[in-house]
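Worksheet: the structure to be examined is printed underneath.
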Amino acid sequence: MRNDVRALYERLGPLQEKKGYPFNADVETVESLLEGLLVNKERYGYMSCPCRLAVGDRELDKDIICPCDYRAPDVEEYGACYCALYVSPAWNEGSLPRDTVPERRPIGRLPY
Amino acid sequence: MDQPPVKLYALSTCGHCKHTKQLLDECNVVYDCIDVDKCDAEERQAVLDEVRAVNPNCSFPTIVIGDKVIVGYKEAEIKEALGL
């Protein structure tokens with residue numbers, strides 16, 4: 001794992017777990033998604049969701065800045081956020097089906 | 001059986017898109033892939049119009065296999081649409 005990714009992993013992991021949102025236990029998936037967050041931080045100046053297309057305008061992208069506005073309802077309903085970066089403890093224990101999480105962002109919110 | 005044309009609209013940073021690409025590569029599928037986040041402004045608009053025509057949510061991955069559209073990394077559906 002790259003140093004900058006590891007630093008993000010070690011900073012975000014405990015912080016978000018305390019809030020009830022542990023990382024996906026699949027470290028490879030988390031590593032790839034954290035890399036995506038750092039790419040977007042470099043591109044836009046903020047960690048826009050790696051699985052959604054940002055437009056580079058913080059105001060228009062604010063609902064998809066990670067952790068996005070949709071993490072809570074997605075983890076509540078599916079046990080995972082849209083990217084599967086953050087999950088519920090039950091999801092990690094394997095006691096939930098691993099369905100594809102559909103896009104919850106309203107079409108009206110899309111700035112493109 | 002001839003493989004239907006396959007077009008994948010993806011984001012270079014998206015985990016589900018990476019899994020979709022891996023699946024297609026493992027199955028030796030010939031496909032056209034566009035990482036929309038890497039398109040310049042003009043190209044992006046044209047590509048987004050294509051995506052929106054088949055997936056109003058404009059979410060990724062969106063994969064078109066022949067005349068079938070699959071949104072999200074859904075391995076079983078993708079394999080079925082490919083006739084695998």
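Rule-based calculations on the coordinates, nothing more; no lab input. A quick note: this is a predicted structure, and the numbers were derived from the prediction, not measured. Neighbour counts run over all protein chains shown; Cβ positions are idealised from the backbone, glycine included.
Only helical DSSP H runs with n ≥ 4 go in: add -39500 (n - 2.57) per run for the protein assembly as shown, normalise by residue count and round the 222 nm mean residue ellipticity to 500 deg cm²/dmol. Mind showing how you got there, number by number?
On the way: 8 runs with 85 residues, N = 196.
The helix contribution divided over the protein assembly as shown gives -13000 deg cm²/dmol.
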So for chain A, using the alpha carbon gyration tensor with a ≥ b ≥ c as root eigenvalues (a/c under 1.5 gives rounded; past that, a/b versus b/c decides prolate or oblate), I'd call it oblate
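So how strong a dipole does chain A carry about its Cα centre when Lys and Arg Cβ are +1 and Asp and Glu Cβ are -1, to the nearest 20 debye? It would help to have the intermediate numbers written out before the result.
Details: 15 positive and 19 negative charges, 58 e Å.
Rounded to the nearest 20 debye, it is 280 debye.
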For region A:4-13, take each phi angle, set θ = phi - 60°, evaluate the Karplus expression 6.51 cos²θ - 1.76 cosθ + 1.60, and give the result in whole Hz per residue in order, putting x for glycine and proline. 5, 6, 4, 4, 5, 4, 6, 7, 6, x
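Restricting to Cα pairs below 8 Å that are 6+ residues apart, what does the relative contact order work out to for chain B? Please round to a whole percent. Before the final figure, lay out each step's value.
Values: 108 pairs, mean separation 31.3, N = 84.
Averaging sequence separation for qualifying contacts and normalising by length gives 37 percent for chain B.
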Using each residue's phi in region A:34-48, evaluate 6.51 cos²θ - 1.76 cosθ + 1.60 at θ = phi - 60° and report the 3J(HN,Hα) Karplus result to the nearest Hz, with x for Gly and Pro. 5, 4, x, 5, 5, 4, 5, 4, 5, 5, 10, x, 8, 7, 6
Candidates A:ALA72, A:ALA90, A:ALA80; GNM for chain A (alpha-carbon contacts under 10 Å) flags as most fluctuating A:ALA90
Considering the zone a paramagnetic label at A:ALA7 would reach in this model (a point 7 Å from Cα along the Cα-to-Cβ line), which residues of region A:38-63 have amide N under 11 Å from it? none
List the lysines whose Cα sits under 23 Å from the Cα of B:LYS7, skipping any in the same chain fewer than 8 residues away. B:LYS18, B:LYS21, B:LYS38, B:LYS68, B:LYS74, B:LYS79
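If you put +1 on each Lys and Arg Cβ and -1 on each Asp and Glu Cβ, how big is the dipole of region B:6-82 around its Cα centre, in Debye rounded to 20? Display every interim value, and only then the final one.
Numbers: 9 positive and 14 negative charges, 43 e Å.
Using Cβ point charges on Lys, Arg, Asp and Glu, region B:6-82 gives about 200 debye.
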Just to confirm my understanding: which cysteines in chain B have no other cysteine beta carbon less than 4.7 Å from their beta carbon? B:CYS27, B:CYS33, B:CYS39, B:CYS58
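Where nothing but the Cβ of Lys and Arg (+1) and of Asp and Glu (-1) is charged, how large is the charge dipole of the protein assembly as shown around its Cα centre, in debye to the nearest 20?
Numbers: 24 positive and 34 negative charges, 99 e Å.
In total the dipole reaches around 480 debye.
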Between region B:32-84 and region A:10-62, what's the alpha-carbon centroid distance in Å? 22
